[in-house]
Each structure stands twice: as structure tokens, then as C-alpha cells.
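The values are calculated or read from the model by the stated rules, or taken from the named source; none is laboratory data. Quick caveat: nothing in here was measured; it's all calculated off a predicted structure. So basically every Cβ, Gly included, is an ideal-geometry build from the backbone, and we count neighbours across all protein chains shown.
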Amino acid sequence: MTAEIRQLFHLSEFSDVLRLQQAIWGFADAELLPLRFLVVCSKIGGHVFGAYDGSQMTAFCFAIPGVKPGGRPYLHSHMLGVLPRYRNSGIGRRLKLRQREDAIARGIELIEWTFDPLELKNAFFNIERLGAIVRRYSVNQYGITASPLHGGLPTDRCVAEWWINSPRVKGIIGGGRLPVPKGAPATAERIAYPAEIAHIRRDDRERAGAIQQANAEKFQSAFARGMAVTGFERGQTEGVYLLEPFA
């Protein structure tokens, strides 16, 4: 499917972003990011992009500017959403690549965002299709939300680091695939989730919570020892985060 990607600046466009937030996540009104936030985002060095099928907005993403210790500028890509009927069409990847183009044009080398480690499809996309790495884990970052997609669990998040000019990222988005650590127990670690974790979260919150907590401890331990997520494997029975030492 061909979609038009364009940068957004106007209140009417931002209203469509609010509509998509409700349609995609089912947030309560108090949890929506309001129009005035998107206006500020678009004026202070961030950006808002929308994808359109004709006149209908089908997906969006936006980022806000940040500064790392030492003064390094970066973009925090806070939200990307695609309407259900338009998923698996490549729109999400096109939006991320448009973010990358904008950042490169402004001399920015790093884009970060958070993602739910239980969302295995997103993990594969972020790590294997975009080339992001993960070195941080945040417990219950946004609190308990009303979204049925979160299943009443703590909003634990991995922090994706997308070093947009790195050889890793250039190779992956250019159609290549870098090797990931497999079968190297001296240097590699694996953190696995059941492939049906989305159904477990929906039907058995207690079990899903136990899996979430156990793996949170594994992530935090690995990151404290200088490991990073550099690969992700999808199988019939589980999705596996692959970690290796990372300077």
C-alpha cells in the first residue's frame, strides 16, 4: 500500500492524532497527549509526522528534543501508532525512516524511544528491522493505564537507542542483516518470553505479571554487567532477546 507521509503543523492535523490515540490504545481522556503538547512539540525542535490514505490519517509518530549529559542533543520518539487495518503494511517503518531523515538533516545522531518488552512484534521491529539496541530497563514507567492493551500490568519499558548513522543501522535499514550472538554462552545471554504472551496478559494477568517481573530482573542484571540487547529471535514457542557485551 502506498501512503503519503508528511510533517504536521496545524491544529486540525493534531486533532487527528488525538483520534488515533483513542482508536489504537483505548486511552482514557486524561491519558491522551493533548493538542497543546503536539503544538509545542512541533515548535521547539521536535516533529510530528502523519501517514495518509487519501485524506484519512492512518498512522502517526512524534518526537521531542532532549539533551544528554555532556550536551549531546537527541530526539525522544514518544509515540508511534498505526490503525489496526493498516498494520503489517510497512507504514511504521516508513515513519521511523522519515524521523531518521529529519534528524540527520539537523545533525542529530541518536533517536530513543521506549517499548513494552512483552510486545514481541515491536521488539523484532525495533531491533531487527531498524537496528536499535537496548541498554536500559524502566519499571512501571507510565504507571497503570486504562488501555486494554496494557492488561492492567505495570508499564515496564525497554529503552531503544537508535544510533541512526552507525554501521549497524545503515547495514540493517539498507537491507542487510548483522550477525547476532547465537550459541556463544561465554559472551551471550538470552531472555525469553512465551510466543503467546499477549494472550497470557489478556487471560491470566497473574501469570503474565510473574513473567514480566522475572524477566525485568534478568534485564536489569544484564544491563548492570554491561550487556546490551543486539538481536531478537522469533520462534513458534517463544520470542528471545539476545544480549552481548557492549562498550
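Here are the numbers for the structure shown:
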{"item": "Subset of the stretch 111-130 (residues that are within 24 Å of residue 213 (Cβ to Cβ) and among the basic types (Lys, Arg))", "result": "121"}
{"item": "Matching residues in the stretch 143-164 - criterion: being surrounded by 15 or more Cβ atoms within 10 Å (Cβ to Cβ), at pLDDT 85 or above and in a loop (DSSP other than H, G, I, E, B)", "result": "153, 154, 155, 156, 164"}
{"item": "Count of the stretch 165-210 residues which are of a type in the set (Ser, Thr, Tyr), surrounded by 13 or more Cβ atoms within 10 Å (Cβ to Cβ) and either modelled with pLDDT under 90 or in contact with a Cys (Cβ under 7 Å, 6 or more places away or on another chain) (or both)", "result": "0"}
{"item": "Residue pairs meeting the criteria (Cβ under 7 Å; at least 6 apart or on separate chains; first closer than 14 Å to residue 113 by Cα, in the stretch 58-87; second polar (S, T, N, Q) and at pLDDT below 95)", "result": "81/21"}
{"item": "Residue match in the stretch 14-28 (condition: in contact (Cβ under 8 Å) with a residue 24 or more places away in the chain and in contact with a Lys or Arg (Cβ under 6 Å, 6 or more places away or on another chain))", "result": "no"}
{"item": "Failed condition for residue 101, given (1) in contact with a strand residue (DSSP E or B) (Cβ under 7 Å, 6 or more places away or on another chain); (2) under 17 Å from residue 132 (Cα atoms)", "result": "(1)"}
{"item": "Selection within the stretch 198-247 - acidic (Asp, Glu) and touching a residue at least 12 places away in the same chain (Cβ under 8 Å)", "result": "233, 238, 244"}
